[in-house]
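Here is the structure we will look at.
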Amino acid sequence: MQNKDYANLKRNMLSTQVDISKFKDFDFEKATDEEKKQQDVMGESTTFFKDGMKRLRKNPLAMASIIILAIIIVAILVLPSIVPYKYDQSMMANGIRDRGATNLGIMEYSKAELERIDAGEKVFPHIFGTDSLGRDYFIRVVYGTRVSLSVGIVAAIMVLIIGLVYGAIAGYFGGMVDLIMMRIVDIIYSLPDMLLIILLSVVLDDVLKPIIEGTILAKLGSNMISMFIVFALLYWVSMARLIRGQVLSIKNNEYVLAARCIGTKDSRILTKHILPNCLSVIIITTALQVPSAIFTESYLSFLGLGVSIPMTSLGSLANEARAGLQSYPHRLVIPAIIICLIVLALNLLGDGLRDAFDSKLK
Amino acid sequence: MNNNNNNEYLLKVDHLKQYFPVKDGFKTLQLKAVDDVSFAIRPGETLGLVGESGCGKTTVGRTLLRLYQPTAGRIEFDGDVLFDSGEQYDESGKMIVDATGKPIRGKKIDVDMLPYRKKMQMVFQDPYSSLNPRMTVEDIIGEPLDVHNLYKTKAERRERILELMEIVGLNAEHAMRYAHEFSGGQRQRIGIARALAVNPKFIVCDEPVSALDVSIQAQVVNMFEELQEKLGVAYLFIAHDLLVVHHISDRIAVMYLGKVMEIADADDLNNNPIHPYTLSLLSAVPIPDPETARNSQRIILEGDVPSPLNMPTGCPFRTRCKYATEQCAAEMPPLKDRGDGHFVACWNK
Ligand SMILES: Nc1ncnc2c1ncn2[C@@H]1O[C@H](COP(=O)(O)OP(=O)(O)OP(=O)(O)O)[C@@H](O)[C@H]1O
Ligand code: SF4
Ligand SMILES: [Mg+2]
């Protein structure tokens, strides 16, 4: 009876309500429990990380970058134990320095080595030739890559730790704390970093030399240490700014308020609720920080402010190659290509990570 | 000393004020989100709180849970004073001032909330942003248990979580799922389970159904009622929909621009509304029966809601009220008992 009433009601032409009169009868069957259960079946559970990795795997540029980086890393770890030369030793023949082994070209042998080969001895080839002091260039490139890459990674980790802690505190507590902390960041931002690095390495050179003597750090040299200090002092600011921005926007979510309503401590809210939600930004920015540190290191080494001799880095190899550029261009080209490869691969990987993990682009 | 009172009310809010500083160019203005609100809730009772969007309902809920630091007022819960800014008020609700016009202050009280977080909880308005997308259901519901050390062994924790999921009607198999995999109604259930985890005596339900589909709204409202019967919790049930509030509430408070205009028994308010604002709210409720709907006269409010940054003097409703007189512009009407606990703040009705 009631149904009839509805059917007779005049309908507005523009009404979007379901037209009940279209249904002949109202004896719909009720859903059985089993049918209701079917609605409960949900898709496979995917976590944020799995999801991101799946997308990353579909990105050919990022995958190629990962492969290139993996090859480079394996090479710098394994090659020093395969190649029988040392990065800081000139070629020797019969207990004295082999004068004929300087400035060899790619895959060339010195006279002394040719004699040994004729005598049936096996001599490992100089894949990239030798430098002006008769040191095997290939192994020097391997060591240079080692140094450059570790500088990049260590610097990125330092920047990450300092920037993360600083930015998270400023963003979370806000107000006066944020204001003061961010003005400090602004001041550091305005300092000319190159000038500061050059000044600091000159000053720190005297201070650090006695301190690091005899330790492994001495091998890297005081220049390198001052470079790390400068990275630690200066380069975290952009990371801190970025993280602060993220924390500011995430802390306005109701789940943070809900956590406070539960009675969760600030430290737990930061580590359990806020930081996991800016993880993608953290990973991406750190990945992009590595090439920028490698670049700075190369640039400084090229100016002669890098690692101390005889240790080398890709930048100082390029610097040394300047002298004989006309006759031995490959000595500049090889480290330059490797720098480009590493920087390009890390940048592409960083972009790939952003595409895969940044939820705003989904 | 005042045992009688303690037994009667679980929560008592007096002259609560929450002003937010808002920057306007170089000036800092005060946004009076909640301005002198008083009410009380008995154990196991539901007080409905209705009002237009932006009238300060959420702010009342969050301030009395001390998620915001109150600007002024007094909050008493379960016999303990949680917050008291110290102002004294006389019988008619006027602040007692000394000769120079400064308020006479009593003792200030501001307690550590952690032990009370076990007794009062909140269900949030937006089921999408109130659950951390990086946490599983188990971790979300388990967090209050972790924070308050409510279990001895891992197995005990898990058992309690599954029990809570069952209470709110969630499938136990979904404990390891992430919040973003659930529908709005299921998410709201997760939020409710989280609030129930500590066995609270009082829950602020901040429009818990307004973000949900109409078909699911009824289910969730019914669940709130069942939970109340089973567990004896008291609710402050916030909504802008009078129908839902009338269904679940024992008493209803009507808010307008940060002030309470009328508090009464749910049925009393529905059948015998007094305040002009309540009248207009009731006439805006869609009437299911077409015949009555045609015969009833709608009171259509004219004008816009004034900005809370720039409130009218006296009664905040006077810019839209057809009964407004000069007295309304001069002074805010006090909330007065019109018999049977029906309180109204109006000069002329
Ligand atoms: N943290 C804050 N800072 C400044 N202003 C705020 C803040 N929170 C709320 N407000 C303001 O206070 C007023 C009341 O807001 P509130 O969220 O309490 O309204 P509401 O009644 O819950 O509205 P709705 O029904 O839309 O949820 C609004 O004008 C709002 O802009
Ligand atoms: S006090 Fe005056 S303005 Fe306010 S509701 Fe009553 S009649 Fe209207
Ligand atoms: Mg609200």
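Values computed for the structure shown
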quantity	calculated
Single residue of segment A:255-276 satisfying the filter (facing chain B (nearest Cβ under 8 Å) and within 27 Å of A:A356 (Cβ to Cβ)) that is most open to solvent (accessible area, probe 1.4 Å)	A:K272
Set B:S129, B:S183: member being of a type outside the set (D, E, K, R), more than 16 Å from ligand 1 (Cβ to nearest atom) and open to solvent by 20 Å² or more (accessible area, probe 1.4 Å)	B:S183
Matching residues, segment A:95-142, being assigned to a helix (DSSP H, G or I) and open to solvent by 50 Å² or more (accessible area, probe 1.4 Å)	A:R99, A:K111, A:L114, A:E115, A:R116, A:I117, A:D118
All positions within segment B:25-44 that are more than 16 Å from ligand 3 (Cβ to nearest atom), assigned to a strand (DSSP E or B) and under 23 Å from B:D80 (Cβ atoms)	B:D36, B:S38, B:F39, B:A40, B:I41
Meets criteria (among the small types (G, A, S) and surrounded by 17 or more Cβ atoms within 10 Å (Cβ to Cβ)) for A:G214	no
Test: residue in segment A:158-169 that is in contact with a Leu (Cβ under 7 Å, 6 or more places away or on another chain), touching a residue at least 60 places away in the same chain (Cβ under 8 Å) and not in a helix (DSSP H, G or I)	no
Every pair of residues 6+ apart whose Cβ atoms lie under 6 Å, when the first sits in segment B:104-133 and is among the polar types (S, T, N, Q) while the second is part of a loop (DSSP other than H, G, I, E, B)	B:Q121/B:P200; B:Q125/B:E207; B:S129/A:N253; B:S130/B:F124
Verdict on B:D110 being modelled with pLDDT of 85 or more, touching a Ser or Thr at 6+ places or on another chain (Cβ under 9 Å), more than 14 Å from every other protein chain (Cβ to nearest Cβ) and open to solvent by 20 Å² or more (accessible area, probe 1.4 Å)	yes
Qualifying positions in segment B:302-328 - within 8 Å of ligand 2 (Cβ to nearest atom) and open to solvent by less than 40 Å² (accessible area, probe 1.4 Å)	B:G314, B:C315, B:P316, B:F317, B:C321, B:C328
Qualifying residue in segment A:144-151 (condition: buried (at least 24 other Cβ atoms within 10 Å of the Cβ) and under 19 Å from A:G324 (Cβ atoms))	yes
Criterion: away from chain B (no Cβ under 14 Å), part of a helix (DSSP H, G or I) and open to solvent by 50 Å² or more (accessible area, probe 1.4 Å) - qualifying residue of A:L300, A:L344, A:L279	A:L344
Residue among A:K36, A:K86, A:K4, A:K24 that is open to solvent by 90 Å² or more (accessible area, probe 1.4 Å), in a loop (DSSP other than H, G, I, E, B) and at pLDDT below 75	A:K24
Members of segment B:48-70 that are within 16 Å of ligand 3 (Cβ to nearest atom) and closer than 12 Å to B:V13 by Cβ	B:L49, B:V60, B:G61, B:T63, B:L64, B:L65
Per-region count, segment B:152-177, residues over 14 Å from B:I140 (Cα atoms), within 14 Å of another protein chain (Cβ to nearest Cβ) and touching a residue at least 12 places away in the same chain (Cβ under 8 Å)	1
Sole exception among (1) farther than 20 Å from B:Y256 by Cα; (2) away from ligand 2 (no atom under 16 Å from the Cβ); (3) in a loop (DSSP other than H, G, I, E, B) for B:S53, by number	(1)
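The values are calculated or read from the model by the stated rules, or taken from the named source; none is laboratory data. Note that the structure is a prediction, hence the values are computed from the model and not measured. Glycine gets a Cβ as well: all are built from the backbone with ideal geometry, and neighbour counts include every protein chain shown. Accessible surface areas use protein heavy atoms only, side chains included; no ligands, DNA or RNA. Shrake-Rupley method; radii C 1.70, N 1.55, O 1.52, S 1.80 Å.
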